[in-house]
1. Test of understanding: extend the Cα→C-beta vector of GLU27 to 7 Å, then name every residue of segment 1-15 with backbone N under 15 Å from that spot.
2. At 1.4 Å probe size, with no ligands or nucleic acids counted, give the accessible surface of TRP36 in Å², nearest ten.
3. Which value, to two decimals, describes the C-alpha radius of gyration of the chain once divided by 2.2 N^0.38 Å?
4. Which value, in Å² and to the nearest 10, is the accessible area of VAL21 when all protein chains are kept and the probe is 1.4 Å?
Amino acid sequence: MDYRWRCQDARGRDVPGDETVFADQTEAEDWLRDSWRELLAAGVDRVTLLHNEAEVYGPMSLHSS
């Protein structure tokens with residue numbers, strides 16, 4: 001069961017970068033909790049959690065509300 005994050009800029013274009021694959025959803029969410037600031041600094045505006053290629057949820061903004 002592979003989980004990964006699709007990272008996109010403000011226009012919805014994919015941002016190349018970390019291609020880490022996670023064993024489960026909790027591991028993926030923990031990684032995002034620890035990494036969102038670095039992603040934002042790298043030009044990522046929003047993320048979508050994928051399970052294989054199916055969207056679990058998102059897109060979710062990395063900006064504070």
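The values are calculated or read from the model by the stated rules, or taken from the named source; none is laboratory data. Bear in mind the structure is a predicted one, so any value in this text is a computation, not a measurement. Every residue, glycine among them, receives a Cβ derived from its backbone with ideal geometry; neighbour counts consider all protein chains shown. With ligands, DNA and RNA removed, areas are computed over all heavy atoms of the protein, side chains included. Shrake-Rupley method; radii C 1.70, N 1.55, O 1.52, S 1.80 Å.
1. 1-5, by backbone N distance to the label point.
2. Near enough 80 Å² of accessible area.
3. Values: Rg = 10.8 Å, N = 65, 2.2 N^0.38 = 10.7 Å.
After normalising by residue count via 2.2 N^0.38 Å, the value is 1.01.
4. Around 80 Å² of this residue is reachable by solvent.
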